[in-house]
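Have a look at the structure below before the remarks.
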């Protein structure tokens, strides 16, 4: 095998590989002889069929298979001799031998891992919000507990609907469009004043009697299932069937016992504060890590190879679509496609991959390795996140070698981040205001390209610098094995012919 490599870019290469005619013919003849032991041709015994007859009958099919094998074997051999290969394209055969004297020639494009020599990663100055919990936050959590333990009781002291009432209605669209005939639902609960239902419904019910039939209108939003009705006002009918009111428990020791968090109200408040402080501390640490990584990437600039990056972005977009489907969301209804999502998340994916590449290089430079205690801590944390203990999660991971390698890489990333943060110069700052958090989250939320949903209580800025990408976790292996186009003639190997 001979090969020539052309530098097509800073991180891209194109290799032309040539297989000598003698080697090619030797492999073809070898395959034909092996096949002759398995096929039957009238007038010849198995294994005694002349090579010329085999070539006439099976030559083209065997040639395709031999080319497939030679391409794969020679590309993989070349890649083993090449350092820092990150991504390999599909080989393209350019010259197919038509005569015994002809050579087999093909090209393969591949990309290299960027060379990174990390600098400035020790003693980074990092702002970290103070993990303090105000009394108001504890009060709010306690109120949530009351709301969750509330009971609904019929309203009997008046005859009209007021703010705070829980109204049960039967809903139906009454427009003339045929698609609206089946648009109805019964037993729908509406909390007056909550703002959680379609605009106009709560106002239409307020002041009505307990057995009212209310005709109103709603605006067909951009995600309305009937496309031609979007943007129009649709007539609806609401039939009131029940009016109830929330009855909240008293904040006392008896209520405290029902929460499972303490025997007295004081104990429950203490438990709530401890939980909130732990949560806030984790969020503060993640904010600090994000700030630290932003600084490190500013100090260590490098580019990612284009095909590798395109593949990673597309893979992330497909995973996002699968997530929508699992949630019962039809992406097409929101105009979402792999291409649209890929374009919107590309910037985020680039930053995530760069973070992981940089952290892995820091690990190599500092000779950091994954020890058993690192894996144990990783299994403990990940197990808790999915509702399993450390032993159960470890057993799950160990069932699959790729899964275990990914766990090792993720544990290493965590170890490096923890070391860098421990060595950083921490500057305590006040917790970001809601306005600042919203401003920081806005670009990322646009990049999500998701259907609209209720706001989460967790801060976008404190999102965990999650598990490594598949590439980083797999420790810099090429993304795919070299392979030419799928074999098309393997089924002929076992063919039986008779004349």
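Residues in the stretch 337-358: is at least one farther than 27 Å from residue 298 by Cα, free of Cβ contacts under 8 Å to residues at least 24 places away in the same chain and outside any helix (DSSP H, G or I)? Yes, some residue in the stretch 337-358 is farther than 27 Å from residue 298 by Cα, free of Cβ contacts under 8 Å to residues at least 24 places away in the same chain and outside any helix (DSSP H, G or I).
Looking across the stretch 183-202, the residues that are outside any strand (DSSP E or B) and either surrounded by 14 or more Cβ atoms within 10 Å (Cβ to Cβ) or touching a strand residue (DSSP E or B) at 6+ places or on another chain (Cβ under 9 Å) (or both) come down to 183, 192, 193, 196, 197, 198, 199, 200, 201, 202.
The criterion of being assigned by TED's automatic domain parsing to the domain that holds residue 416, crowded, with 16+ Cβ neighbours inside 10 Å and either free of Cβ contacts under 8 Å to residues at least 40 places away in the same chain or not in a helix (DSSP H, G or I) (or both) holds for residue 316. Checking each residue in the stretch 246-292 for being closer than 30 Å to residue 167 by Cα and under 37 Å from the mean Cα position of the chain (by Cα) picks out only 259. One residue alone among 70, 32 is in contact with a helix residue (DSSP H, G or I) (Cβ under 8 Å, 6 or more places away or on another chain), at pLDDT 90 or above and more than 25 Å from residue 108 (Cα to Cα), and that residue is 32.
Among the residues of the stretch 222-275, the ones that are outside any helix (DSSP H, G or I) and under 30 Å from residue 187 (Cα atoms) come to 26 in all. For the stretch 219-245, a residue qualifies if it is modelled with pLDDT under 75 and surrounded by 16 or more Cβ atoms within 10 Å (Cβ to Cβ), and the qualifying residues are 220, 224, 226, 229. If the condition is being touching a helix residue (DSSP H, G or I) at 6+ places or on another chain (Cβ under 9 Å), in a loop (DSSP other than H, G, I, E, B) and modelled with pLDDT of 90 or more, then the stretch 1-28 contributes 9, 11.
The values are calculated or read from the model by the stated rules, or taken from the named source; none is laboratory data. All of these numbers come straight from a predicted model, not from anything done at the bench. Cβ atoms come from the backbone with ideal geometry, glycine included; neighbour counts cover every protein chain shown.
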